[in-house]
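Peer 1: Please see the structure below; I have some questions.
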Amino acid sequence: MNAASVPSPTSPTFRAELARLVSPLRRVRPCVPFWQLAAHRIPTLALYRGLLRNAPTEDIRFRVSMLFRQNQHLTGTERTIKYLNMGYKWLDIFQKSKQGNAHCAKVLARYSSLIAAKREKAYWMYLGHKEMAWQFKLRSRPILTALFRASTKNPPLPRLKPQPLALSMIIKKRRAAEVTRHSMFLKLQAMKELIRSEHAFEKGVIENTQHHGQYATEAAFAGIREWMQPINATMSELWSASNRSRQRAQQPAPEWLKQAVRKARTERIANKTRELERERRGEILPRTIRRRQKGPPAHILSKMTSDQKKLDKVVRSVSEVGYVAMVKKRLGLKMRDPDAWRKEIGPTTGEEGRRLRKIADEFYAETERRRPDAECDQRI
C-alpha cells in the first residue's frame, strides 16, 4: 500500500476505521444486575456443586451450604468477588485432600471437628430457646373461663383469659363503626330535612310567580327525588348494618360452646383443689404468697397490737397442725380436721400410748443419768 492510499487522519474513513477497532474494547454496562446474568450465575452454581461434591465430611458440607445461603443476597461486587475467591480456594483444598494431600486432609479434619462442636452447641442452644419459648407460651396461653354472651359487637364466644388481641380489635372496630354509623345517620337525616325545606321554598316560589304550571311542579318533584335517592340508598345500607348487629346480639350460644364452658369450669375446680392440696403439703405457690401478703383492713390494722398482727399472719397459713393449729383453735377458727394436731404427738391411750410413754420415760431417765457426768467433763 502506498502513501497515497492511506487515508488522512482528518478524513471520515480514518475515523470510521478507528471507531471499528476501539468499539470492542469499550466497557458495556448490562441493563440488569450482575446476579441475574448467566455469566455470574452459571459459574457460581458450578462452584457450589463442586464444593458439595468434594467436601470430605458432612459437617463441612453443611458449613458450605450455610455460607452460600447467608451470602446469596449480596449485591456488592467487591464482597461478592471476595467470597467467590474464597470458595475457589476451598475447592482447591478439597480437591487436593481428595487426591491424597496429607496436610490438607489433616487441616480439613480439624476444621470438621470444630464445626461439629459448634453445631452441637448451637443445637443445645436451640433446644433451650425452644423450651423457653414454650414455657412463655404456656404462661400466656388463653384459658377458657366463661361464656362471652352475644352483643351487637360479637356473637356468642368463649371468654378467654387473657383475651386474644384479635378479638379485642374486632370488638373495638365494631364499636367505632357503630358510633360512626349513628353519626352518619344523623347527618343524612339533617340533609334530608334541608332538602325538604329547600323543596318547600322552591315550591312556594313557583306557586307565587306568574310562570307557574304543571311542568314546573313535576320538574321540582323530579329534582327532589334525584337528591333523595343517594341519601336513601346510604341510609338503607346503614339500616342493614344495624339489623345485622341486632341479629348478632340475638344469636343463641351453640351447645358445643356450653359444653366446653361446663368442662372448663369443672377442670378449674379440680385444678384449684389440686393446688390447695399441694399447698397443704408445704409447697409455696403464688396464691400462698398473695394470702400471706394480705392483711386486715387499714382501720382495723391501725388498732391491732403487735401480738395480734403476729397471730393474724400465722392464721393465714393453710396448715392445721402444730403452732398454727393451736393459734387457730385459740381464735375459734373453723378447721377441716380439728384433731389433726394429735397426729404429731401420737396416740395417748391404749397399748401404743403406753409404749410411747415408756420410751419417753427411758429417754428422760438416761438424760438425767448422764447429766452429772457431762457437768464433770465440762469442769475438767
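Readers should treat all values here as calculations from the given coordinates under stated rules, not as data from a laboratory. Remember, it's a predicted structure, so these values are computed and weren't measured experimentally. Please note: Cβ atoms are built from the backbone with ideal geometry, for glycine as well, and neighbour counts cover all protein chains shown.
Peer 1: From the helices alone, meaning DSSP H stretches of at least four residues, give me the mean residue ellipticity at 222 nm for the chain, per-run term -39500 (n - 2.57), in deg cm²/dmol to the nearest 500.
Peer 2: It comes out at -24500 deg cm²/dmol, rounded to the nearest 500.
Peer 1: Also, quick follow-up: Given a cut-off of under 8 Å on Cα pairs at least six residues apart, what relative contact order in percent is computed for the stretch 38-128?
Peer 2: 35
Peer 1: Ok, one more. Starting from the Cα-Cα distance between Arg69 and Leu114, subtract it from 0.36 nm times their residue separation and give me the gain in nm to one decimal.
Peer 2: Value of the extension gain: 14.2 nm.
Peer 1: Related question: Determine how many Å³ per residue the convex hull of the Cα atoms of the chain encloses.
Peer 2: On the way: hull volume 264.7 nm³, N = 380.
Convex hull volume per residue, Cα atoms: 696 Å³.
Peer 1: Just want to confirm a number: the relative contact order over the chain, from Cα pairs under 8 angstrom separated by 6+ residues, in percent.
Peer 2: 11
Peer 1: Quick one: Kirkwood hydrodynamic radius for the stretch 82-167, alpha-carbon pairs, angstrom, one decimal?
Peer 2: 18.5
Peer 1: May I pose another question? For the ranges 89-101, 31-43, what's the packing order if you count other beta-carbon atoms within 10 Å of each residue, average per peptide, and put the highest first? Write out the running numbers ahead of the final one.
Peer 2: Numbers: 89-101: 15.2, 31-43: 10.3.
Output ranking for 89-101, 31-43: 89-101, 31-43.
Peer 1: Number of Lys pairs in the stretch 34-139 with C-alpha atoms less than 30 angstrom apart, excluding same-chain neighbours closer than eight positions?
Peer 2: Close lysine pairs under the 30 Å cut-off: 20.
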